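Q: Okay, here's the structure, questions in a sec.
Read-outs: derived from the displayed coordinates by stated rules, not from any lab. Predicted model only: the values in this text are computed from it and were never measured. Neighbour counts run over all protein chains shown; Cβ positions are idealised from the backbone, glycine included.
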Amino acid sequence: MTQLAGQDQNTPTEDEDDDVPPDQPWGRLVRFHPLLAQVDLVGDKPFVVGRNDHTQLVVQHPQVSNKHFSIRRDLRRGANCLIEDSSSNGTWVNSKRLIKAAPNELIHKSLISMVSSRPKATQLPFSKMPSGQIHVYILIGMTGFVFYDLVRGNTAHNDGPNGPDVIGNFYIADEVLGRGSFATVKLAYNMMDGAQVAVKVVSKRRFKEENKTKQNLLSEIMMLQKLKHPGVVNIFDVEDTVHCVYIFLE
């Protein structure tokens with residue numbers, strides 16, 4: 001590697017900091033589905049997703065192209081992760097449609113959707129089948145994934161029982177919609193139909209600080225769930241976990 005002017009020989013460069021052994025994953029795709037399954041991205045070659053049997057990840061969906069999109073690491077530019085659309089019906093990242101054949105930087109916890117801006121889930125199973133030197137992963141009817149950057153991203157998970165950033169049937173994004181003294185409101189997605197919702201995340205540590213009990217909070221929620229009025233926000237679901245109470249709202 002060429003040494004930069006003024007750079008100490010013992011100081012690691014950005015590329016060296018992001019070096020990943022050939023057999024270690026640098027990225028991960030988690031399918032947008034309540035029954036989570038994941039695919040690790042390994043090596044320097046582009047990871048291709050499409051309907052063709054020779055792609056690394058096969059999605060058997062009539063509107064998915066043979067080679068729909070690919071993800072790779074750009075080792076010349078600090079090992080950024082890039083996604084490139086090559087489809088007929090489009091690829092969306094965080095609800096924005098990609099320009100075909102134009103590489104775009106893919107950041108940690110991006111939501112990738114094929115065919116439409118909202119991913120759609122099915123109840124069909126995830127399976128992995130060996131095919132020569134590679135593994136072909138079959139996802140029937142699945143059109144959405146969450147991308148995790150295992151090198152640069154914060155891979156800490158929340159306390160949901162179903163996997164990373166998933167509570168019940170909802171995926172919780174990083175985007176914060178609002179903060180209060182008692183809770184944080186974040187953007188979330190219903191994994192059954194891709195609909196955007198809001199989730200109020202209440203930390204149980206606040207119960208003692210605000211002199212409120214968990215039972216009082218749940219009683220208030222039950223009252224709101226019974227109310228059906230145009231001026232009252234609907235509550236879709238409430239999930240009680242070890243550390244937080246999650247209230248999913250319109």
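Q: Full extension from D240 to A101: what is 0.36 nm times the residue separation minus their Cα-Cα distance, to one decimal in nm?
A: 45.7 nm
Q: Mind ordering 193-201, 236-244 by average Cβ neighbours within 10 Å, highest first?
A: Ranked by mean Cβ neighbours within 10 Å, highest first: 193-201, 236-244.
Q: Now, a different point. Can you pick out the pairs among K67/K109; K100/K186; K45/K67 whose Cα atoms lie more than 20 Å from each other?
A: Cα-Cα > 20 Å for K67/K109; K100/K186; rest within.
Q: List the trypsin sites (Lys or Arg not before Pro) in segment 36-107 that DSSP assigns to loop (not H, G, I, E or B) and whose Cβ has at most 14 other Cβ atoms within 10 Å. Which are they?
A: Those that pass, being in a loop and sparsely packed, are K100.
Q: If you don't mind, there's one more thing I want to ask. Is segment 42-100 best put as rounded, prolate or oblate by its Cα gyration tensor, with a ≥ b ≥ c the root eigenvalues, rounded for a/c under 1.5, and otherwise prolate when a/b is larger than b/c, oblate when not?
A: oblate
Q: How far apart, in nanometres, would the label points at M192 and S88 be if each is projected 7 angstrom from Cα along the Cα-to-Cβ direction?
A: 3.2 nm
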